[in-house]
Amino acid sequence: MDRIDYIFDITRKFANGRKILLYGYNEKTRGIKNRLAGKGMKIDFFVDHSLYQNKKPGVYDSRILDGRSDEFYVIVGMPNRLDIICKLHSFGYFSQNDYVYLGDIEYCVLRDEDGYFEDNYGNQLIMNRKLRSQITLNGFNSRVVISDDCVVSPDFHLLITDECTVEIGNGTWLNGNFSIFDQSHFQCGERCIFAKGLLEIEAADIRIGNDLTTESGYVIRASRKSSIIIGNDCMFSYNLNMRTNDGHVIFDVKTGKNINSTDELCESRNIRIGDHVWVGMNACILYNTDISNGSIIGAMSLVKAKIPNNCIAAGNPARVIRTDIAWSRSNNNSVDIDECGDGFVKCTENKYSF
């Protein structure tokens, strides 16, 4: 089912000349506004109960709705938001005559068999049936593919919302909490190991090659319009923190302009990690980081830079402290450099230009 068509049809039927508004101001509702505009429907403004969102142009406190159902028709473009519906009821909005709510679409399962699940919200799960209790579908038109030979911990949980794709390759071991929001894409290759941690993607992409290993405590966040690309055979130690934004908005006081999270800035704030990279415990990797093949990031380092191949970088901020190195996953007294792997025993390129 196309949720935009549903919203458009109900609103056109019941709005009856009232101003049309969207409840909630976020990436999803802005996308709904744009798609409705493409169908010729004008959204007059947004409302939100967040004081932070109310400071933005075109966003009003939801209390403006109180007792004014004869003036405004409300679109709630998110399912599973009974808190908003209860608030609308308290303002005197009681039925589809006054609002359209995606959660009112009658839900049904179209197919449910071992290896394949599909519902009328357009969601598909291609995986072993026993894993489905660990997947929460909270939206429309998403697709999850988990290979049958993956090892899934009882503590693993995946939350997925609208128009997302998740593809997890053969032999991968899954633990922790993964949250994939709003037109995001997550892909990892074969034989990866995700210990207990947090992975969150919001309107962004994370793509991982084969044979990644993580220890527990990682926090990996890709924020809207950004990406994290990780190559093959990477090794992440305990308590890694990796993110593509600052976490909160920063403004220039003199101009009033957003200086850290406009769409243009977000699109450029990516992380790329090459093949066979070892990241030490408690390291923090920020956006605009590019780590080349075969390198090591020291424990407790903060990285926001381009790091060349086959070197050790450490410190806050991280800087190159040694070049022309190769590393092995072995933790014994090995004397054979071949253990480092074909293709990763190289000298550092451009060693004097960083």
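The values are calculated or read from the model by the stated rules, or taken from the named source; none is laboratory data. Worth saying up front: this structure is predicted, and the values here are computed from it rather than measured. Glycine gets a Cβ as well: all are built from the backbone with ideal geometry, and neighbour counts include every protein chain shown.
Quick notes
- Among the residues of region 52-71, none qualifies, meaning not one is buried (at least 17 other Cβ atoms within 10 Å of the Cβ) and under 26 Å from ASN120 (Cβ atoms).
- Per the listing ASP70, ASP9, the residue uniquely in a helix (DSSP H, G or I) and not assigned by TED's automatic domain parsing to the domain that holds ASN141 is ASP9.
- Residues that are part of a loop (DSSP other than H, G, I, E, B) and either within 18 Å of the chain's Cα centre (by Cα) or among the small types (Gly, Ala, Ser) (or both) were ranked within region 122-141; the one that is surrounded by the most Cβ atoms within 10 Å (Cβ to Cβ) is GLY139.
- Count of region 183-199 residues which are more than 14 Å from THR165 (Cβ to Cβ) and either over 16 Å from the mean Cα position of the chain (by Cα) or buried (at least 20 other Cβ atoms within 10 Å of the Cβ) (or both): 10
- Pair list, Cβ under 8 Å, 6 or more apart: region 265-281 residue crowded, with 19+ Cβ neighbours inside 10 Å and modelled with pLDDT under 95, other residue outside any helix (DSSP H, G or I) and aromatic (Phe, Trp, Tyr): ARG269/TYR287
- Subset of region 177-219 [of a type in the set (S, T, N, Q) and either outside any loop (DSSP other than H, G, I, E, B) or more than 19 Å from ASN245 (Cα to Cα) (or both)]: ASN177, SER179, GLN187, ASN210, THR213, THR214, SER216
- Residue match in region 121-135 (condition: at pLDDT below 95, among the hydrophobic types (A, V, I, L, M, F, W, C) and more than 25 Å from GLU190 (Cβ to Cβ)): no
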